[in-house]
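One structure is given below, represented as structure tokens, and several questions about it will come after.
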């Protein structure tokens, strides 16, 4: 027997509240829900410098907690997302961002392997095209070839 729709909806809401409550210490949260939502969105794009492959939203490291507190302070102070990210990059370097800003250095890092593959393929095609198919035969080889072709036609 399946629970009625209202009961399932209530259970889903309750589970969502529990997940939110478990995600962060209520003392650390911003009183304004819109600011807290904005801070949580920023957490997703800021890397935990201890874990390195997790955002500060997912990390339980002490530094991640400090970074979350810093982001909340910046949001509460009225700074824009770009200003907050710039502040963190100035302090910790561009590595702190999960999605770094576009730069020529980044382009070289991401495009370099593709460029090497394209150049390698170009060299391979060029070498295969310039390969000579008509090789010079020695006189002995020419006589042998002539003898074989006469034998085949007979």
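The values are calculated or read from the model by the stated rules, or taken from the named source; none is laboratory data. Predicted, not measured: the structure shown is a model, and the values here were computed from it. Ideal geometry is used to build each Cβ from the backbone, glycine not excepted, and the neighbour counts take in all protein chains shown.
Could you identify the single residue in 142, 77, 82 that is in the same structural domain as residue 28 (by TED's automatic domain parsing) and over 30 Å from the mean Cα position of the chain (by Cα)?
77
A quick yes/no check of all residues on (1) out of contact with any helix residue (DSSP H, G or I) (no Cβ under 8 Å at 6 or more places or on another chain); (2) in a loop (DSSP other than H, G, I, E, B); (3) over 27 Å from residue 100 (Cα atoms); (4) at pLDDT 85 or above:
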| residue | (1), (2), (3), (4) |
| --- | --- |
| 8 | yes, no, yes, no |
| 15 | yes, no, yes, no |
| 22 | yes, no, yes, no |
| 31 | yes, yes, yes, no |
| 34 | yes, no, no, yes |
| 49 | no, yes, no, yes |
| 73 | yes, no, no, yes |
| 78 | yes, yes, no, yes |
